[in-house]
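Take a look at this one; I'll ask things after.
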Amino acid sequence: MLSGKRIILGVTGGIAAYKAAFLLRAYQKAGAEVRVTMTPAATKFVGTDTFSSLSKHPVAVDVFPKNNTTVDTWTKHISWGEWADLFVIAPCTANTLGKIAYGLSDNMLTATVLAARCPLLLCPTMDGEMYESPAVYKNLQTVQNFGYHILEPEEGYLASGLEGKGRLPEAETILEKSAEIIRKHQKNGPLAGKKVVVTAGPTREHIDPVRFISNPSSGKMGFAMAEAAQNLGADVTLIHGPVSLDKPADIKAIEIESTADLFEQVKNHANADVVIMAAAVSDFTPKNKYSNKVKKDKAESSIELEQTTDILSWLGDHKKDGQVLIGFAMETENLIENATTKLNKKKADWIVANTLTDEEAGFQSDKNKVHLLGRNGSAKFEGLKREVAQKILNYIFPDNT
């Protein structure tokens, strides 16, 4: 759910500020892009260089930084407020909480709160007696009435040396809450209410119980497409071959082995609004399959093959009105020419084409470089597969709200 998402991480002046660096890395590992804004007090605990190095973006602190008064600097709260999918303030001190409750904007963080178009998650962190004080209680009620989200602090040993409720929750807890908020917010995404089927990974065509014909597909691109579709609000079904990847959260996953198995499942889900054929499907299968292991001294010197069902062609021939069919093409030569032929021959709406000749693309790699070819346009994307997947679907299904 966080893959491809854009997150502003706000850091305020509490001792838990150092934990925000670990939180930033956790968001990045989940596939999110993160930008950081800090209050001036937060820089007393952790320097801006730490967060700029980790995020690969400048850190925003003051509305009017010293020696820099260009428009793109002092209006950063506006551009970031439009850019983000989620604004997380962790830790959020009692001081910043009060400013948010009363609409004050005396630094870049609080100014960005007012400018944000996205959901806001506050993680209040302070001494236990402060958290239980009437003023903080009132401010928490106020911001919740604004529609802002609150993740309550945890109990434990505090910086004051006392035990109480005031600790910043672990990064995993904050990520889970973030994903939950984004999931609810994306009910209005461009694929909201749509059923999307994604196929991923290799197929295996067995010769006997221990030998098979297959390919090196890792399933990474197909899994990334499934998560990208979910990020746009879709109800996703992922049909995948044998892979070693973790199943995406909250996505229905169906495991298959052979091309015949895949074809049966695709037919069962062929009424989806969008079908994304990212699986590396075997084109051939052994004509004769043996129920027991074939002994070496009794094996034939050749294997007779027959063609498997062309699933993408079948989908093109049986496409319902309004359905969007997206295929994939892996080529070793004449990439655009062969992919364009496939687009037309298979009656697909879009073909995502890449080549095995590029070191940063194709099987097993975490990165990809693709050409998106369609009847209504074309584009080229590169980067991590989860980033490329999101860019592909954002291009095909732009959010016009």
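The values are calculated or read from the model by the stated rules, or taken from the named source; none is laboratory data. On a predicted model such as this, the values are computed, not experimentally measured, just so you know. Neighbour counts are summed over all protein chains in view; Cβ atoms, including those assigned to glycine, are modelled from backbone coordinates with ideal geometry.
Among the residues of segment 270-286, is any of a type outside the set (A, V, I, L, M), surrounded by fewer than 16 Cβ atoms within 10 Å (Cβ to Cβ), under 42 Å from the mean Cα position of the chain (by Cα) and farther than 24 Å from residue 341 by Cα?
Keep residues of segment 270-286 that are of a type outside the set (A, V, I, L, M), which gives 271, 273, 282-286.
Applying the additional criterion that residues be surrounded by fewer than 16 Cβ atoms within 10 Å (Cβ to Cβ) yields 271, 283-284.
Those left that are additionally under 42 Å from the mean Cα position of the chain (by Cα): 271, 283-284.
After this cut, where a residue has to be farther than 24 Å from residue 341 by Cα as well, the list is 271.
Yes.
In the set 152, 172, which member is touching a Lys or Arg at 6+ places or on another chain (Cβ under 8 Å), of a type outside the set (A, V, I, L, M), surrounded by fewer than 19 Cβ atoms within 10 Å (Cβ to Cβ) and not in a strand (DSSP E or B)?
Step by step, each of 152, 172 is checked, and only 152 is touching a Lys or Arg at 6+ places or on another chain (Cβ under 8 Å), of a type outside the set (A, V, I, L, M), surrounded by fewer than 19 Cβ atoms within 10 Å (Cβ to Cβ) and not in a strand (DSSP E or B).
A further question follows. Taking strands (runs of 3 or more DSSP E) that do not extend beyond segment 204-268, which have at least 2 residues that are surrounded by 21 or more Cβ atoms within 10 Å (Cβ to Cβ)?
Working: elements: 205-208, 211-213, 235-240, 252-255.
By residue number, 235-240.
Residue 352 is checked against (1) under 21 Å from the mean Cα position of the chain (by Cα); (2) at pLDDT below 95 and fails just one. What number does that condition carry?
(2)
Going by what's in this entry, would residue 397 be described as within 22 Å of residue 261 (Cβ to Cβ) and within 23 Å of the chain's Cα centre (by Cα)?
No; evaluated as a whole, the condition is false for this residue.
If only one of 253, 260, 224, 329 is among the small types (Gly, Ala, Ser), within 30 Å of residue 193 (Cβ to Cβ), in the same structural domain as residue 392 (by TED's automatic domain parsing) and touching a residue at least 40 places away in the same chain (Cβ under 8 Å), which one is it? Talk me through it step by step, then tell me what you get.
Values: 253 fails: touching a residue at least 40 places away in the same chain (Cβ under 8 Å); 260 fails: within 30 Å of residue 193 (Cβ to Cβ); 329 fails: touching a residue at least 40 places away in the same chain (Cβ under 8 Å).
Of 253, 260, 224, 329, the one residue that is among the small types (Gly, Ala, Ser), within 30 Å of residue 193 (Cβ to Cβ), in the same structural domain as residue 392 (by TED's automatic domain parsing) and touching a residue at least 40 places away in the same chain (Cβ under 8 Å) is 224.
Are any of the residues in segment 319-326 free of Cβ contacts under 8 Å to residues at least 40 places away in the same chain and either surrounded by 14 or more Cβ atoms within 10 Å (Cβ to Cβ) or outside any loop (DSSP other than H, G, I, E, B) (or both)?
Looking for residues that are free of Cβ contacts under 8 Å to residues at least 40 places away in the same chain and either surrounded by 14 or more Cβ atoms within 10 Å (Cβ to Cβ) or outside any loop (DSSP other than H, G, I, E, B) (or both), one finds at least one in segment 319-326, hence yes.
Next question. Out of the residues in segment 24-41 that are touching a residue at least 40 places away in the same chain (Cβ under 8 Å) and closer than 25 Å to residue 78 by Cβ, state the one that is surrounded by the fewest Cβ atoms within 10 Å (Cβ to Cβ).
Top of the filtered list is 40.
A further question on this structure: So which of 234, 171 is within 30 Å of residue 13 (Cβ to Cβ) and touching a residue at least 24 places away in the same chain (Cβ under 8 Å)?
171
Which one of the conditions (1) modelled with pLDDT of 90 or more; (2) assigned by TED's automatic domain parsing to the domain that holds residue 328 does residue 230 fail to meet, given that it meets all the rest?
Single failed check for residue 230: (1).
Could you tell me whether segment 190-202 includes any residue that is surrounded by fewer than 17 Cβ atoms within 10 Å (Cβ to Cβ), modelled with pLDDT under 90, at negative phi and out of contact with any His (no Cβ under 8 Å at 6 or more places or on another chain)?
Checked segment 190-202: at least one residue is surrounded by fewer than 17 Cβ atoms within 10 Å (Cβ to Cβ), modelled with pLDDT under 90, at negative phi and out of contact with any His (no Cβ under 8 Å at 6 or more places or on another chain).
Restricting attention to segment 108-133, which residues are more than 17 Å from residue 84 (Cβ to Cβ) and either in contact (Cβ under 8 Å) with a residue 60 or more places away in the chain or buried (at least 22 other Cβ atoms within 10 Å of the Cβ) (or both)?
124, 125, 126, listed by residue number.
May I ask you to verify whether residue 367 is at pLDDT 90 or above and among the basic types (Lys, Arg)?
no
For segment 374-391, what are the residues that are crowded, with 23+ Cβ neighbours inside 10 Å and either among the charged types (D, E, K, R) or assigned to a strand (DSSP E or B) (or both)?
The answer is 385, 386.
Can I ask one more? Can you report the number of residues in segment 272-294 which are assigned to a loop (DSSP other than H, G, I, E, B) and either under 20 Å from residue 346 (Cβ atoms) or among the basic types (Lys, Arg) (or both)?
Within segment 272-294, residues that are assigned to a loop (DSSP other than H, G, I, E, B) and either under 20 Å from residue 346 (Cβ atoms) or among the basic types (Lys, Arg) (or both) number 10.
State the number of residues belonging to segment 295-330 that are closer than 19 Å to residue 351 by Cα and of a type in the set (Lys, Arg).
Number of matching residues: 2.
What pairs can you find where one residue is in segment 380-393 and under 16 Å from residue 277 (Cβ atoms), the other is assigned to a strand (DSSP E or B) and of a type in the set (A, V, I, L, M, F, W, C), and their Cβ atoms are less than 7 Å apart, with a gap of 6+ or different chains?
Taking only residues 6 or more apart or on different chains, the pairs are 392/352; 392/372; 392/381.
Residues of segment 89-113 being touching an Asp or Glu at 6+ places or on another chain (Cβ under 8 Å) and under 12 Å from residue 139 (Cβ atoms), which ones? Break it down stepwise before answering.
Of all residues in segment 89-113, those touching an Asp or Glu at 6+ places or on another chain (Cβ under 8 Å) come to 99, 107-108.
The answer is 99, and nothing else.
Moving on. Quick test for you: out of 4, 81, pick the one residue that is in a helix (DSSP H, G or I) and either surrounded by 23 or more Cβ atoms within 10 Å (Cβ to Cβ) or at pLDDT below 95 (or both).
Unique residue meeting the criteria: 81.
For the list (1) in contact (Cβ under 8 Å) with a residue 60 or more places away in the chain; (2) under 30 Å from the mean Cα position of the chain (by Cα), I need the number of the one condition that residue 303 fails.
(2)
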